[in-house]
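Report on one structure; see the data block that follows.
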Amino acid sequence: MTATPGTSPTAPVPSHIAILDDEPDITQLLAGYLGSHGFRTTQLHSGRALMALMTADTPDLVLLDLGLPGEDGFVIARQLREHWRCGLVIVTGRGDAVDKVVGLEVGADDYVTKPFDLRELVARVKAVLRRLAPEPGAAAPAPALVASPAPVDAVHDLSAGRECLHFEGWTVDVAARRVVGPDGVEVALTTGEFDLLLTFLQHPGRVLSRDFLLEQTRGRESAPFDRTIDVQVGRLRRKLGAEQGEGLWIKSVRGAGYLFVPRVTSTLSV
């Protein structure tokens, strides 16, 4: 984590921009350009580093890359929206329309695809900051920190303790591979069904293609007319009892794949 030098005490307080990207060349480029426009910047290369910064020195706005190795940018975006009040601009090479829609739906203020014009990016950053600025004479905003979340990648850090994922009253014990419903009754899933559910829980609010799901659960790509995932999704829906009543938790997105709708939380115990 690197930060630009502070300004003199008499200068206006500059807006603080956090830049999260796994490529140092990009964070350095953006930090230099934003710094030349009067912003204070912090360069970051992992979700864990961003969560530490959010607690220690909450930025006014985060520039977030979605393509972080071993991390899901949409999960990070969701964490930011649930726990902090700050601007969020997704800056990514993923220009697919579905990704844009999901990015905006999880709470991003803007979505910029690479390659981008630096001047346009700065203009978009300023526009978001203007929208977030309080009206003259308005009461001071509430503290930026809404709650103290676990690090975004703690759900994947099994060494920190026993991991359980929760949604709609359900509990999934990852290590024991147990799924328990709201009534406390364990539901038996096959290996493939459990792996499929776990993949959805690790990517909530994101449209997942059939190829991706098959790769994650079977370690292979789909063949033409392969309906394996569709069959497993149907079985999983029935076992979760979510085919009717409360609606589909695993939503079909025509031509794209599947979307896990419920909010997912995690706990770790010794």
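Can you pull out the residues in segment 164-176 that are surrounded by fewer than 18 Cβ atoms within 10 Å (Cβ to Cβ) and touching a Ser or Thr at 6+ places or on another chain (Cβ under 7 Å)? Walk me through how you get there before you give the answer.
The first filter runs over segment 164-176 and keeps only residues surrounded by fewer than 18 Cβ atoms within 10 Å (Cβ to Cβ), leaving 166, 168-169, 171, 173, 175-176.
Residue satisfying the conditions is 166 alone.
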When segment 72-97 is checked residue by residue, the ones that are modelled with pLDDT under 85 and of a type in the set (Asp, Glu) are 82, 96
Counting only residues in segment 161-191 that are aliphatic (A, V, I, L, M) and not in a loop (DSSP other than H, G, I, E, B), the one farthest from the chain's Cα centre (by Cα) is identified as 180
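Kindly indicate the residue of segment 69-94 that is over 17 Å from residue 26 (Cα atoms) and among the small types (Gly, Ala, Ser) and also nearest to the chain's Cα centre (by Cα) among those meeting that condition.
So in segment 69-94, the residues over 17 Å from residue 26 (Cα atoms) come out as 70-72, 74-88.
Cutting the leftovers down to among the small types (Gly, Ala, Ser) gives us 70, 77, 87.
On the way: 70: 12, 77: 4, 87: 14 Å.
By that ranking, first place goes to 77.
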Note: among 185, 179, 233, 207, just one is surrounded by 19 or more Cβ atoms within 10 Å (Cβ to Cβ) and modelled with pLDDT of 90 or more, namely 179
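The values are calculated or read from the model by the stated rules, or taken from the named source; none is laboratory data. Note that this is a predicted model, so its numbers are computed, not measured. All Cβ positions, glycine included, derive from the backbone under ideal geometry; neighbour counts span all protein chains shown.
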